[in-house]
1. Among the listed residues ALA119, ALA52, which satisfies the condition of being part of a helix (DSSP H, G or I) and either surrounded by fewer than 22 Cβ atoms within 10 Å (Cβ to Cβ) or of a type in the set (A, V, I, L, M, F, W, C) (or both)?
2. From the list ASP69, ASP79, ASP73, exactly one residue is closer than 21 Å to GLY23 by Cβ, among the charged types (D, E, K, R) and buried (at least 17 other Cβ atoms within 10 Å of the Cβ). Which is it?
3. Taking ALA65 as meeting all but one of (1) within 16 Å of ligand 2 (Cβ to nearest atom); (2) in contact with a Ser or Thr (Cβ under 7 Å, 6 or more places away or on another chain), write down the number of the exception.
4. Please tell me if VAL121 is in contact with a helix residue (DSSP H, G or I) (Cβ under 8 Å, 6 or more places away or on another chain) and of a type in the set (A, V, I, L, M).
5. Looking at this structure, is ARG27 surrounded by 15 or more Cβ atoms within 10 Å (Cβ to Cβ) and among the basic types (Lys, Arg)?
6. So ALA85 clears everything in (1) surrounded by fewer than 19 Cβ atoms within 10 Å (Cβ to Cβ); (2) small (Gly, Ala, Ser); (3) within 20 Å of ARG8 (Cβ to Cβ) except one condition, right? Which one?
7. Given the criteria modelled with pLDDT under 90 and not in a helix (DSSP H, G or I), does ASP73 qualify?
8. Please go through (1) part of a helix (DSSP H, G or I); (2) surrounded by 15 or more Cβ atoms within 10 Å (Cβ to Cβ) for GLN19 and return the number of the only condition it doesn't satisfy.
Amino acid sequence: MVSSEYERRIAARFATFDQDGNGYIDREDFSVAAKALLAEFGTAARSDKGQALYLGAEAFWQGMAGIADRDGDQRITRDEFVNGAVKRLRDNPDRFAEIARPFLHAALAVANPDGDGAASVTDTARVLRILGVSEDLALTAAAALDGDGDGRVGEGEIVTAFARYFTVPE
Ligand code: CA
Ligand code: CA
């Protein structure tokens, strides 16, 4: 029996990737997310950090398409997401972390102007909200990422948590 809780969580993950809400995931959704992050933190698209974020977003899209876009039409439908991406990423969470890492690395750099490789819990919550995590979950999730309670979230922590969130255990 497929649990409705599982279905609900899959639907939420799909909606998170489908940033523009047009019913499929494509390259545009990743550049929409990059653009929204840059706007949130007041970073110029043409800056080094802005360019790194767009490159990370493109790599993330290419990685997801490689895993899930079975018919190669440059769109990931909900069916391709559920039967391709979710299953394959669940079997191999490290692969997801690898695909997402350049984007998350660049996103943390945008959220963290002093460049020490970690962002504050508050700014991490802002990143999560922009990426579609709901308002009430974002701060809790960001705080949970800060395992040692020093108020800062490092790249390793966010990559692992992202992989866990998106690979959705059944
Ligand atoms: Ca879309
Ligand atoms: Ca497709």
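The values are calculated or read from the model by the stated rules, or taken from the named source; none is laboratory data. Model, not experiment: these values are computed from the prediction. Every residue, glycine as well, gets a Cβ built from its backbone with ideal geometry; the counts of neighbours run over all protein chains shown.
1. Details: ALA119 fails: part of a helix (DSSP H, G or I).
Going through ALA119, ALA52 in turn, just one is part of a helix (DSSP H, G or I) and either surrounded by fewer than 22 Cβ atoms within 10 Å (Cβ to Cβ) or of a type in the set (A, V, I, L, M, F, W, C) (or both): ALA52.
2. Working: ASP79 fails: buried (at least 17 other Cβ atoms within 10 Å of the Cβ); ASP73 fails: buried (at least 17 other Cβ atoms within 10 Å of the Cβ).
Result: ASP69 is the single residue among ASP69, ASP79, ASP73 that is closer than 21 Å to GLY23 by Cβ, among the charged types (D, E, K, R) and buried (at least 17 other Cβ atoms within 10 Å of the Cβ).
3. (2)
4. Yes: the conditions hold for VAL121.
5. Values: surrounded by 15 or more Cβ atoms within 10 Å (Cβ to Cβ): yes; among the basic types (Lys, Arg): yes.
Judged against the criteria, ARG27 is a match.
6. (1)
7. Working: modelled with pLDDT under 90: no; not in a helix (DSSP H, G or I): yes.
So ASP73 does not fit the description; no.
8. (1)
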